[in-house]
Amino acid sequence: MKSRYPALQLVIKVIKILAVLITLAGIIASTTIMAGDGLIHIDSATAFSVFAGMLGILASLLQGILIYVAAELLQCFIDIERNTRKTTHLLNTR
């Protein structure tokens, strides 16, 4: 069935791609912080740099998941609209 909201479908795809890219960028940045090579220069292998890196990885995973869930929620709303339209059509034809 043809989508009634092609622009919204494109936005959903872009949001999903951005969620993955943000997650990957956060993981890469956090790993460089753990290695001591990040923008914030911390001596290598200190306890703080490892803690900051682990916290950064956790935060970017959580943020990426939440952004991806927002895109899925938009898709869910589109599916609810489509199913409601089908149900209304079926109830009116009898």
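The values are calculated or read from the model by the stated rules, or taken from the named source; none is laboratory data. Since we're looking at a predicted model, the values are computed, not measured. Positions of Cβ are generated from backbone atoms using ideal geometry, with glycine treated the same way; all protein chains shown enter the neighbour counts. Side chains are part of the model used for accessible areas, which takes the heavy atoms of the whole protein and leaves out ligands, DNA and RNA. Shrake-Rupley method; radii C 1.70, N 1.55, O 1.52, S 1.80 Å.
Close Cβ contacts (under 6 Å, 6 or more residues apart or on different chains) running from residues in segment 20-34 that are under 19 Å from ALA70 (Cα atoms) to residues that are surrounded by 15 or more Cβ atoms within 10 Å (Cβ to Cβ) comprise ILE22/GLY64; THR23/SER60; THR23/GLY64; GLY26/SER60.
Suppose we keep only residues that are open to solvent by less than 30 Å² (accessible area, probe 1.4 Å) and under 22 Å from ILE22 (Cα atoms) within segment 36-51. Which one would you say is modelled with the highest pLDDT? Here the residue is SER49. For beta carbons closer than 9 Å, sequence separation of 6+ or different chains, a first residue in segment 64-84 that is in contact (Cβ under 8 Å) with a residue 60 or more places away in the chain and a second that is open to solvent by less than 90 Å² (accessible area, probe 1.4 Å) and hydroxyl-bearing (Ser, Thr, Tyr), the qualifying pairs are ILE78/SER3; ILE78/TYR5; GLU81/TYR5; ARG82/SER3.
Among the residues of segment 1-35, write down those that are charged (D, E, K, R) and at pLDDT below 90.
LYS2, ARG4 - these are the residues of segment 1-35 that are charged (D, E, K, R) and at pLDDT below 90.
Looking only at segment 55-86, residues that are of a type in the set (Lys, Arg) and either outside any helix (DSSP H, G or I) or touching a helix residue (DSSP H, G or I) at 6+ places or on another chain (Cβ under 8 Å) (or both) come to 0 in all.
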